[in-house]
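Coordinate-derived values only; no laboratory data. On a predicted model such as this, the values are computed, not experimentally measured, just so you know. Cβ atoms come from the backbone with ideal geometry, glycine included; neighbour counts cover every protein chain shown.
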Amino acid sequence: MTQDTLLVPASGDRGGGTRWWRDAVIYQVYVRSFADSDGDGVGDLPGVRSRLPYLAGLGVDALWLTPFYVSPMADFGYDVADYRDVDPLFGTLADARDLIADAHAHGLRIIVDVVPNHTSDRHAWFQAALAAAPGSVERARYVFRDGRGPGGAEPPNDWESVFGGPAWTRVPDGQWYLHLFAPEQPDLDWENPEVHAEFADILRFWLDLGVDGFRVDVAHGMAKAPGLPDVGHPNQVEMLGTAVLPYFDQDPVHAIHREWRRLLDSYDGERIAVAEAWAPTPQRLADYTRPDELHQAFNFHYLTAPWEADGMRAVIDESLRTAGAVGAPATWVLSNHDVKRHVTRYGDGETGLRRARAAALLTLALPGSSYVYQGEELGLPEVLDLPEEFQQDPQRLRGEGAGRDGCRVPLPWEGEEPPFGFGAGAAPWLPIPTEWRDLTVAAQDGDPGSMLALYREALRIRREHPALGDGDLYWIASPPGTLVFVREAGGGNGRLACAINMGDTTARVSVRGTPLLASGPVHTDRTASGGDVDLPPDTALWWDAEEG
Ligand code: GLC
């Protein structure tokens, strides 16, 4: 085997603790759609708790729970009215405590969402701001400004909401307030020390309750450019994640993350934070994970990479290089509650499924930490034909087809008919397709060819194989359309190789060692010490690699 690239080790300082987060597999629970314990059609915390044995059996290390705080649900909980309590729809604070304790007893860590860029418009602070006069301390917690033009009738600048339309809404006394998302999500002013103090207190509240970390919502949004200058372009949503805008990825935002890191480090047990940051380059994304900032950042460059070997390799290399340069683990994510599910993105139907299976092996073999979005382990596709009357996502303001409801359809657990064990009682908040009968957990359980079996086996091997998780990778020269790399454990403790064929013809890959797991049927003509494998399109293979 020839090694054509040796990447810089991304191992960082491993002394002094378990560094569990450097190679954790973190499962995203979209609470609303996971499991409904009280029969109201909406998932809840006791529902999550009831399914902990399933999650522990799947073999993940931690759960990230999407917001379950008191909220009018204008953006399904990303509009928080009380950061220190649970919305009755999702349960009680006692349920949260029980869930954390029970998850820990199952060996699962808990990461909760924190939403610091904006509050709900029903938050006590915003209600007080509306009742107070321009220039008051109450308004100074948010971004209130006078408008432009005659009578201040035009918004203060040209910023656009991520959900469409202007990012400003006018209040009756004539001032405008900023909301980078829905009008029900007013942006906080992070130049105000009171905002810092409040969020430090909120973080402590949940840390004291025992959570292991935070997923920081819109971690790139809290700092705005001084003077709130115009962008100068329409369709700013198209620039998200590709350009630095005066309201996203501004350098002063990093001071907030440093402050939070100090707070997290003052707790025992390696509590972590992962940034949801849309940065224009992997380099700028890595800035969020410098040693004195957050521990991880979601790698959306990987999520958005097309199904094509050279481009995928370039994204992997760049992600490892930039994360490694700041000593952070790279992260890998294929789906979440904001994007079209990857089975559908990768081509839908049989093609999408085959690719999603191969992508699972690719993702879980890469160095660093991986995220699994609920239902990807079942191979769920995006639901593209949700009846109009059910679609509720505020992002739909942006236009036809832009809504995120299709990736948020409740999980099918068991049985022959919807709601497939999601809950007993009211119909689920989004209808579950009848065809998901074959995709339920129960239908896949025990079927060795199922997506669920593939995830369980891959996660088992990942836990047990010393070469997987944190570390480096070596690329091996391979035919066009394919990628082959080797992971090597320190001290000669084993090597695992991964090959993936992203091309459209079968490719011959040299395998010296013992095949461990394939995402689809592969033909091998192995001799005792290995041989060649004909890897069909959209297929990945792991094997225990021999030296050499
Ligand atoms: C993040 C969340 C998304 C939400 C937005 C506003 O991008 O993932 O669901 O709508 O922030 O809070």
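Axis of helix 193-208 versus longest Cα principal axis of the chain: the two differ by about 50°, to the nearest ten degrees. For the stretch 74-175, the normalised intensity computed at q = 0.18 Å⁻¹ comes to -0.96 (log10 of I(q)/I(0), Debye sum over alpha carbons, equal scatterers, no solvent). Using the Cα gyration tensor of the stretch 124-178, with a ≥ b ≥ c the square roots of its eigenvalues, what is the shape: rounded (a/c below 1.5), prolate (a/b larger than b/c) or oblate (neither)? Because a/c hits 1.5 or more and a/b fails to exceed b/c, the stretch 124-178 counts as oblate. Modelled label positions at Phe205 and Glu547, each set 7 Å beyond Cα in the direction of Cβ, lie 5.8 nm from each other. Only the Cβ atoms of Lys and Arg (+1) and of Asp and Glu (-1) were treated as charged; on that basis the dipole of the chain about its Cα centre amounts to roughly 1060 debye. Projecting the Cα positions of Tyr177, Pro156, Ala129 onto the charge dipole of the stretch 124-178 (unit charges on Cβ atoms of Lys, Arg, Asp and Glu, taken about the Cα centre) puts Ala129 furthest along the positive direction.
Within the stretch 465-545, the ratio Rg/Rh, alpha carbon atoms throughout and Rh by Kirkwood, equals 0.96.
Would you mind ranking His257, His342 so that the residue whose beta carbon has the fewest other beta carbons within 10 Å leads the list?
By the 10 Å Cβ count, ascending: His257, His342.
Relative to the longest principal axis of the Cα atoms of the chain, the long axis of helix 309-325 lies at roughly 70 degrees. Sorting the segments 101-110, 317-326, 292-301, 131-140 by their mean number of nearby beta carbons within 10 angstrom, highest to lowest, gives 292-301, 317-326, 101-110, 131-140.
Phi-derived couplings, Karplus 6.51 cos²θ - 1.76 cosθ + 1.60 at θ = phi - 60°, listed residue by residue for the stretch 123-134: 4, 4, 4, 6, 4, 5, 5, 5, 6, 8, 8, x Hz, with x used for Gly and Pro. With neighbour counts taken as other beta-carbon atoms within 10 Å, the residues Met73, Met451, Met502 rank, fewest first, as Met73, Met451, Met502. Within the stretch 106-248, the percentage of alpha carbon pairs spaced more than 21 angstrom apart rounds to 46%.
Which of Val486, Val171 has the fewest other C-beta atoms within 10 Å, and how do the rest follow up to the most?
Listed from fewest to most nearby Cβ atoms, that is Val171, Val486.
Helical content of the chain, expressed as a calculated mean residue ellipticity at 222 nm, amounts to -7000 deg cm²/dmol (DSSP H runs of 4 or more residues, -39,500 (n - 2.57) each, divided by residue number, nearest 500).
One decimal place: the segment Arg321-Thr514 gains 66.5 nm when fully extended, by the rule 0.36 nm per residue minus the C-alpha distance.
Between helix 93-105 and the chain there is an angle of about 20 degrees, using the helix long axis and the longest principal axis of the Cα atoms. Taking max minus min of the alpha-carbon positions on each principal axis, the chain gives extents of 81, 51, 45 Å, largest first.
Give the shape of the stretch 397-548 as rounded, prolate or oblate, defined through the alpha-carbon gyration tensor: a ≥ b ≥ c are the square roots of its eigenvalues, a/c under 1.5 means rounded, and otherwise the shape is prolate if a/b is larger than b/c and oblate if not. Prolate.
Annotation: amide H-H contacts under 5 Å for Gly513 (H modelled 1.01 Å from N, sequence separation of 5 or more, or interchain): Gly530, Gly531, Glu546.
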